[in-house]
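Working notes, structure below.
The values are calculated or read from the model by the stated rules, or taken from the named source; none is laboratory data. Keep in mind that this is a model prediction, so the values were computed, not measured. In this analysis, Cβ positions are derived from the backbone assuming ideal geometry, glycine residues included, and neighbour counts consider all displayed protein chains.
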Amino acid sequence: MPVQSVAIVGAGIAGLALALALARKGISSDIIEQADALREVGAGLQLSPNATRVLADLGILEALRARWTEPVSIDLCSGLTLATRTSIPLGKAAVSRWGAPYAVVHRATLQRALLDAVSESPLVTLHLGRKNEGMSAADIALHCTHPPDLIAGADGVWSQIRKLVPGAPKSSFSGNVAWRIVVPFTEAPPELSRDRVSAFMGPGAHLVCYPLADAGGFNLVAITGGFDPGETWDARMERGRTIALRDHFGGWHPVLRQLIGKGEDLLYWPLCQASDGAWHDGSRVVLLGDSAHAMMPFMAQGAAAALEDAYVLADAVSTLPLPRALAAYEARRKPRANRLRQRAEFNRRIYHASGPLRLGRDLALALRPASAFARDFDWIYGYRAAL
Ligand SMILES: Cc1cc2nc3c(=O)[nH]c(=O)nc-3n(C[C@H](O)[C@H](O)[C@H](O)COP(=O)(O)OP(=O)(O)OC[C@H]3O[C@@H](n4cnc5c(N)ncnc54)[C@H](O)[C@@H]3O)c2cc1C
């Protein structure tokens, strides 16, 4: 018999989306979240058409559309000269090519839209301030309003639920960190474009910049080498040490160097990746989102993949008996997650290239038409999440 009730550990993008997707199939859920209140983590998110298609199916596209920006293009630029190497059209071109919009939005806006929809559903109960650490499946069931048929680990890159899945993926620090800076529109230099995503590439580092209308400023994410501050999304670099960040951008264009210097109290994230491993225990525990496949953000696909997982998992458990549903979910999702991870790693090498590789990259970007790059993304952005 398909499942009737699910315990979801983690109220991030994966957990909230799963609760919504299950509710649409008539399945109830209890979400168990460690935080006392759902607060904003990080700043911006790019939501590609494969992600916005899921948001449309979950019924929250219109609420978001009023607040997000749909950029006209993604521009790959030199961090040293600001020259645009190629420009991949988005906006109307994204809708007509991939069937859904490409958008940029503050994470808090997405989380709020998901949370509002979850709160309206009588089938979802959210339990805040309940940290699941070392809990058995039986302990988790005690937190729930209905005895769960299934436990879904949506508890992120440092997942505890993995411990209930023999052979589950393991997380490790990648050696890279992501620095987050939001620069108000009023303080931004004119060289930054308000209607597009700009990715500035340079040796050993890159900087992604896009406007967040809902935050009144530009979202900047700088990715460099760095050290691991441990399991936290709130590592802070004191003022004096921002020099260390600027050192990664020696030789970059002064406009960008100045921009990076604007961060008063810099926050950074350790970038971790999950290894390949089992996504379920064959009976009643399953992983999704970063707990299953945390990936480097070089393709901006982690949250998109979490939304896709949620949608496919809800499809599977509402149509198939449990062991088969879990196998079908993993078979449908794992090859794609692995391919996305490989593509992100490819982008890391391309974005951070130096020497002859950089010259080859720039030549290829100059010679290849933008439509060929758009075609490369068809398998990513044109994907339809369904079993
Ligand atoms: C710098 C950077 C930029 C990115 N940009 C993009 C982008 O542009 N587009 C994109 O698609 N993706 C992007 N990503 C990836 C994306 O942020 C993640 O893949 C996504 O947030 C994963 O969602 P999740 O719900 O699986 O995990 P999380 O968002 O980490 O949520 C996990 C939840 O579980 C809770 N939790 C954890 N442990 C426990 C516990 N023991 N008990 C109870 N609750 C627990 C946490 O408090 C949290 O609420 C980016 C990532 C980084 C680092």
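Hey, which of the strands (runs of 3 or more DSSP E) in the range 37-152, taking only ones fully inside, have at least 1 residues that are crowded, with 16+ Cβ neighbours inside 10 Å and under 20 Å from the mean Cα position of the chain (by Cα)? Don't jump to the end; show me each part of the working.
Details: elements: 44-47, 73-78, 84-89, 103-106, 124-127.
Here the list reads 44-47, 73-78, 103-106.
Can R107 be described as within 22 Å of D30 (Cβ to Cβ) and within 15 Å of the ligand (Cβ to nearest atom)?
Details: within 22 Å of D30 (Cβ to Cβ): no; within 15 Å of the ligand (Cβ to nearest atom): yes.
The answer is no for R107.
If only one of V165, V183 is surrounded by 15 or more Cβ atoms within 10 Å (Cβ to Cβ) and over 21 Å from H206 (Cα atoms), which one is it?
Numbers: V183 fails: over 21 Å from H206 (Cα atoms).
Result: V165 is the single residue among V165, V183 that is surrounded by 15 or more Cβ atoms within 10 Å (Cβ to Cβ) and over 21 Å from H206 (Cα atoms).
Of the residues that make up the range 304-313, is at least one outside any helix (DSSP H, G or I) and either buried (at least 18 other Cβ atoms within 10 Å of the Cβ) or modelled with pLDDT of 90 or more (or both)?
No.
Answer with yes or no whether R336 is assigned to a helix (DSSP H, G or I), at pLDDT 90 or above and touching a Leu at 6+ places or on another chain (Cβ under 9 Å).
Working: assigned to a helix (DSSP H, G or I): yes; at pLDDT 90 or above: yes; touching a Leu at 6+ places or on another chain (Cβ under 9 Å): no.
So R336 fails the test.
For the range 30-39, does any single residue satisfy the condition of being closer than 30 Å to L142 by Cβ, in contact with a Pro (Cβ under 8 Å, 6 or more places away or on another chain) and modelled with pLDDT of 95 or more? Let's see the steps before the verdict.
If we filter the range 30-39 for residues that are closer than 30 Å to L142 by Cβ, which is where we start, we get 30-39.
Checking which are in contact with a Pro (Cβ under 8 Å, 6 or more places away or on another chain) leaves us with 30.
Subsequent filtering for residues that are modelled with pLDDT of 95 or more retains 30.
Within the range 30-39 (the criterion being closer than 30 Å to L142 by Cβ, in contact with a Pro (Cβ under 8 Å, 6 or more places away or on another chain) and modelled with pLDDT of 95 or more), the answer is yes, since at least one residue qualifies.
In the range 203-214, what residues are over 24 Å from P356 (Cα atoms) and more than 14 Å from the ligand (Cβ to nearest atom)?
If we filter the range 203-214 for residues that are over 24 Å from P356 (Cα atoms), which is where we start, we get 209-214.
Within the range 203-214, A213, D214 qualify.
A quick yes/no check of all residues on (1) β-branched (V, I, T); (2) within 22 Å of P148 (Cα to Cα); (3) surrounded by 13 or more Cβ atoms within 10 Å (Cβ to Cβ); (4) in contact (Cβ under 8 Å) with a residue 60 or more places away in the chain:
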| position | (1), (2), (3), (4) |
| --- | --- |
| G277 | no, no, yes, yes |
| E345 | no, no, yes, no |
| L357 | no, no, yes, no |
| A366 | no, no, no, yes |
| W379 | no, no, yes, no |
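Does K25 count as closer than 25 Å to V208 by Cβ, surrounded by fewer than 20 Cβ atoms within 10 Å (Cβ to Cβ) and modelled with pLDDT of 95 or more?
Values: closer than 25 Å to V208 by Cβ: no; surrounded by fewer than 20 Cβ atoms within 10 Å (Cβ to Cβ): yes; modelled with pLDDT of 95 or more: yes.
No; evaluated as a whole, the condition is false for this residue.
Which ones in the range 368-377 are free of Cβ contacts under 8 Å to residues at least 60 places away in the same chain and assigned to a helix (DSSP H, G or I)?
The initial filter retains those residues of the range 368-377 that are free of Cβ contacts under 8 Å to residues at least 60 places away in the same chain, namely 369, 371-372, 375-376.
Within the range 368-377, S371, A372, R375, D376 meet the criteria.
Consider V165 against the criteria (1) within 13 Å of the ligand (Cβ to nearest atom); (2) under 30 Å from V6 (Cα atoms); (3) touching a residue at least 24 places away in the same chain (Cβ under 8 Å): it satisfies all of them except one. Which criterion is unmet?
Here V165 clears every test but (1).
Being more than 19 Å from Q160 (Cα to Cα) and near the ligand (Cβ under 9 Å from one of its atoms) is the filter here; which residues of the range 16-37 pass it?
Residue satisfying the conditions is A17 alone.
List the pairs whose first member sits in the range 249-275 and is closer than 17 Å to G204 by Cα and small (G, A, S), whose second member is outside any strand (DSSP E or B) and at pLDDT 90 or above, and whose Cβ atoms are under 8 Å apart, counting only residues at least 6 apart or on separate chains?
From residues that are closer than 17 Å to G204 by Cα and small (G, A, S), the pairs are G251/L80.
Can you name every residue in the range 170-217 that is under 16 Å from L82 (Cβ atoms), touching an Asp or Glu at 6+ places or on another chain (Cβ under 6 Å) and part of a strand (DSSP E or B)?
Within the range 170-217, just S198 meets the criteria.
The rows are residues; the columns are (1) basic (K, R); (2) away from the ligand (no atom under 11 Å from the Cβ); (3) touching a Lys or Arg at 6+ places or on another chain (Cβ under 9 Å); (4) over 28 Å from L357 (Cα atoms).
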position	(1), (2), (3), (4)
E120	no, yes, no, yes
G134	no, no, yes, yes
A141	no, yes, no, yes
T145	no, yes, no, yes
I161	no, no, no, yes
T186	no, yes, no, yes
R194	yes, yes, no, yes
V221	no, no, yes, no
T224	no, yes, no, no
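Given the criteria in a loop (DSSP other than H, G, I, E, B), away from the ligand (no atom under 16 Å from the Cβ), aliphatic (A, V, I, L, M) and in contact with a helix residue (DSSP H, G or I) (Cβ under 8 Å, 6 or more places away or on another chain), does V3 qualify? Give the derivation first.
Values: in a loop (DSSP other than H, G, I, E, B): yes; away from the ligand (no atom under 16 Å from the Cβ): yes; aliphatic (A, V, I, L, M): yes; in contact with a helix residue (DSSP H, G or I) (Cβ under 8 Å, 6 or more places away or on another chain): yes.
Considered against the rule, which asks whether it is in a loop (DSSP other than H, G, I, E, B), away from the ligand (no atom under 16 Å from the Cβ), aliphatic (A, V, I, L, M) and in contact with a helix residue (DSSP H, G or I) (Cβ under 8 Å, 6 or more places away or on another chain), V3 comes out as yes.
Would you be able to say whether some residue in the range 129-137 is of a type in the set (A, V, I, L, M, F, W, C), in contact with a Leu (Cβ under 8 Å, 6 or more places away or on another chain) and modelled with pLDDT of 90 or more? Walk me through it before giving the result.
Step one: of the range 129-137, the residues of a type in the set (A, V, I, L, M, F, W, C) are 135, 137.
Then keep just the ones that are in contact with a Leu (Cβ under 8 Å, 6 or more places away or on another chain); that gives 137.
Then drop every residue that is not modelled with pLDDT of 90 or more, which leaves none.
No; the residues of the range 129-137 include none that is of a type in the set (A, V, I, L, M, F, W, C), in contact with a Leu (Cβ under 8 Å, 6 or more places away or on another chain) and modelled with pLDDT of 90 or more.
Out of all the residues in the range 13-30, which are of a type in the set (V, I, T) and under 20 Å from the mean Cα position of the chain (by Cα)?
Step one: list which residues in the range 13-30 are of a type in the set (V, I, T), which gives 13, 27.
The one that is of a type in the set (V, I, T) and under 20 Å from the mean Cα position of the chain (by Cα): I13.
Which of the residues spanning the range 291-319 are more than 22 Å from N219 (Cα to Cα) and within 7 Å of the ligand (Cβ to nearest atom)?
S291
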